[in-house]
Amino acid sequence: MSPIQRLVDAFHRLPGIGPKSAQRLAYHVLRAPVEEARDLAEALLHVKESIVLCARCQNVTDRSPCRICADTSRERTVICVVEEPLDVVAIDRTGGYRGLYHVLHGVVSPSDGIGPEDLKIEELLRRLRDVDTEVTEIIVATNPNLQGEATSMYLARLLRPLGLKVTRLARGLPAGADLEYADDVTLGRAMEYRQEV
Amino acid sequence: MAGRPPRVTKTEAIVLRYRRLGDADRIVTLLTPHRGKVDVVAKGVLRARSKLAGHLEPGTRLEVVLAHGRSMDVVTQAQSVEAFATLRADLDRLSAAMYLLELADRLTVEHAESGAVYRLLHASLTRLARGDGQQIVTRTYELALLDATGFRPELVVCLQCGEAVDASRASWSPLEGGIYCAECAGRRPGVSPIDGTVLKVLRAYQSQPYEEAGRIRLSDELAARIESVMHTLMHAVAEREIRSASFVSAARRARVRGEAHEAEAEARAVEAVEAVEAAEE
């Protein structure tokens with residue numbers, strides 16, 4: 001296989017990259033200065049070689065415990081449980097949450113063969129059984145779809161007996177939405193959890 | 001342009017499952033009354049402001065407008081008719097619903113008329129959502145689904161000699177989907193004795209209308225044995241593991257564990273109160 005074709009194929013394997021985009025990217029790299037190509041290659045290798053899972057929150061990190069777990073200014077009484085590392089980024093970007101996180105690395109999805117035992121649930125329980133734990137509340141921030149609901153209810157079933165407060169992210173209308181197109185479940189919840197203005 | 005098929009179709013459907021397609025799209029598997037099971041593309045549903053997403057959750061019954069695409073139809077409009085919201089509020093019911101959906105998906109083929117399966121799935125989701133017992137809804141659904149898809153198990157007469165079999169002396173073959181009398185069972189591979197009570201209940205579920213079958217009272221232990229027989233049968237018919245079945249069990253185990261933990265905590269609290277009272281005296 002020619003070197004160019006090998007690069008095209010490698011780009012094509014990335015999510016969201018079609019055959020045309022893969023070709024464009026490969027030819028861009030071909031025309032770019034050699035330093036840029038080297039930088040890209042090194043960044044790719046570096047991320048694979050240096051990234052590990054944080055022993056506490058299971059988030060991807062270059063050191064364990066990760067920056068969030070090691071940050072003493074964060075609240076230690078609440079853990080926000082999310083599906084994927086990118087969800088941590090999304091929630092932290094809001095600036096409205098200063099507690100800790102736990103990444104499940106997936107969601108219960110029986111039709112895809114993913115059960116609770118395939119998620120980082122045991123790791124969460126271990127964290128909560130730790131004698132030094134100050135945690136009193138678990139915020140379950142799985143996606144508001146069928147699998148996310150199943151996961152959150154399953155977690156609640158495991159965590160409530162430990163005497164913890166288990167909460168779920170509110171569900172309602174997204175910013176800029178149109179009532180006319182909202183589904184019944186969303187609109188119903190939005191009505192149920194309405195707030196005084 | 002006579003004879004040209006219409007460019008869009010409107011149909012009722014129940015969402016069975018979905019899988020991700022690219023950055024923000026999904027391939028959604030729908031069960032429809034007239035066109036059978038179909039895979040359709042729902043564009044942009046992973047974006048927070050998608051107008052379709054909320055209507056395309058598994059277990060939702062909806063009206064959908066499909067534009068004919070080259071390989072797959074594309075959803076252009078979706079409006080939920082019944083979202084079965086109460087299913088989403090209870091883990092046991094939700095896991096049971098996931099199991100019903102997975103079975104419907106496994107036992108139907110694409111583009112084959114499946115009105116009976118559609119009506120059955122709709123009726124069973126309705127029963128689960130209104131709070132009927134999870135066991136009775138699931139078991140009668142399994143048996144009726146096997147009927148509708150041509151896999152009706154033989155629970156009354158012997159598969160070999162055709163004679164009626166006494167429930168207490170029957171042997172069961174999940175692979176062949178039926179029972180053998182003691183004489184014919186012999187040393188056939190994959191055939192093992194079946195509990196007489198389990199068989200009697202299954203016969204009643206298979207032959208009686210739902211309302212009457214629902215009057216049969218079962219202990220938890222008997223229900224668990226019946227469940228195990230049916231799970232093995234469904235596994236054999238689908239020729240693969242029905243993965244939601246293990247989630248149904250996991251959810252139940254978590255509940256039992258939680259209840260035991262709570263009972264323990266309560267007992268400890270009572271003990272503590274008694275100790276205080278004893279000390280006061």
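The values are calculated or read from the model by the stated rules, or taken from the named source; none is laboratory data. Computed from a predicted model, the values in this text were never measured in an experiment. Note that we place each Cβ from the backbone using ideal geometry, even for glycine, and neighbour counts take in every protein chain shown. The protein model used for the area step is the full one, side chains on, heavy atoms only, and it has no ligands, DNA or RNA in it. Shrake-Rupley method; radii C 1.70, N 1.55, O 1.52, S 1.80 Å.
Determine, yes or no, whether B:Arg152 is of a type in the set (D, E, K, R) and within 14 Å of chain A (Cβ to nearest Cβ). Against the criterion (of a type in the set (D, E, K, R) and within 14 Å of chain A (Cβ to nearest Cβ)), B:Arg152 does not qualify. Scanning the range B:137-166 for residues that are modelled with pLDDT under 95, touching a Phe, Trp or Tyr at 6+ places or on another chain (Cβ under 9 Å) and more than 17 Å from B:Val198 (Cα to Cα) returns B:Leu159, B:Gln160, B:Cys161. Name the residues in the range B:47-69 that are surrounded by 17 or more Cβ atoms within 10 Å (Cβ to Cβ), assigned to a loop (DSSP other than H, G, I, E, B) and over 23 Å from the mean Cα position of the chain (by Cα), would you? B:Ser50, B:Lys51, B:Leu52 - these are the residues of the range B:47-69 that are surrounded by 17 or more Cβ atoms within 10 Å (Cβ to Cβ), assigned to a loop (DSSP other than H, G, I, E, B) and over 23 Å from the mean Cα position of the chain (by Cα).
For the condition buried (at least 19 other Cβ atoms within 10 Å of the Cβ), out of contact with any Pro (no Cβ under 7 Å at 6 or more places or on another chain), in a helix (DSSP H, G or I) and within 13 Å of chain A (Cβ to nearest Cβ), what is the one hit in B:Arg88, B:Arg26?
Details: B:Arg26 fails: in a helix (DSSP H, G or I).
After ruling out the rest, the residue left standing is B:Arg88.
Condition (residue is touching a residue at least 12 places away in the same chain (Cβ under 8 Å), at the interface with another protein chain (Cβ under 8 Å from one of its Cβ atoms), over 14 Å from A:Cys57 (Cβ atoms) and part of a helix (DSSP H, G or I)) applied to the range A:123-146: is it met by at least one residue? Looking through the range A:123-146, none of the residues is touching a residue at least 12 places away in the same chain (Cβ under 8 Å), at the interface with another protein chain (Cβ under 8 Å from one of its Cβ atoms), over 14 Å from A:Cys57 (Cβ atoms) and part of a helix (DSSP H, G or I).
Which one is most open to solvent (accessible area, probe 1.4 Å) among residues in the range B:37-46 that are within 13 Å of chain A (Cβ to nearest Cβ) and in a loop (DSSP other than H, G, I, E, B)?
Applying the first criterion (within 13 Å of chain A (Cβ to nearest Cβ)) to the range B:37-46 yields B:42, B:44-46.
Of the ones still in play, those that are also in a loop (DSSP other than H, G, I, E, B) are B:44-46.
On the way: B:Gly44: 12, B:Val45: 11, B:Leu46: 65 Å².
This residue is B:Leu46.
In summary, helices (runs of 4 or more DSSP H) completely within the range B:166-281 and bearing 2 or more residues that are over 20 Å from the mean Cα position of the chain (by Cα) and assigned by TED's automatic domain parsing to the domain that holds B:Leu155 occur at B:182-185, B:196-207, B:243-280. Flag: A:Gly106 matches the condition of being part of a loop (DSSP other than H, G, I, E, B), small (Gly, Ala, Ser), free of Cβ contacts under 8 Å to residues at least 24 places away in the same chain and more than 9 Å from chain B (Cβ to nearest Cβ).
Of everything in the range A:61-92, what is within 10 Å of the chain's Cα centre (by Cα) and open to solvent by 70 Å² or more (accessible area, probe 1.4 Å)? Give them in sequence order.
Residues of the range A:61-92 within 10 Å of the chain's Cα centre (by Cα): A:81-91.
Hits for the range A:61-92 are A:Glu84, A:Leu86, A:Val89.
Across the range A:41-59, a minimum of one residue is classified as among the β-branched types (Val, Ile, Thr) and in a helix (DSSP H, G or I).
Within the range A:129-138, count every residue that is touching a helix residue (DSSP H, G or I) at 6+ places or on another chain (Cβ under 9 Å), open to solvent by 10 Å² or more (accessible area, probe 1.4 Å) and of a type in the set (A, V, I, L, M). Lay out the reasoning, then the answer.
As a first pass, look at the range A:129-138 and keep what is touching a helix residue (DSSP H, G or I) at 6+ places or on another chain (Cβ under 9 Å): A:129, A:133, A:135, A:138.
Next cut, open to solvent by 10 Å² or more (accessible area, probe 1.4 Å) only: A:129, A:133, A:135.
Pick out the ones that are also of a type in the set (A, V, I, L, M) and you get A:135.
Of the residues in that region, 1 qualify.
Residues that are in a helix (DSSP H, G or I), open to solvent by less than 40 Å² (accessible area, probe 1.4 Å) and at pLDDT below 95 within the range B:106-126 comprise B:Leu107, B:Gly115, listed in sequence order.
Scan the range B:91-110 for residues that are at the interface with chain A (Cβ under 9 Å from one of its Cβ atoms) and within 13 Å of B:Gly59 (Cβ to Cβ) and the total you get is 8.
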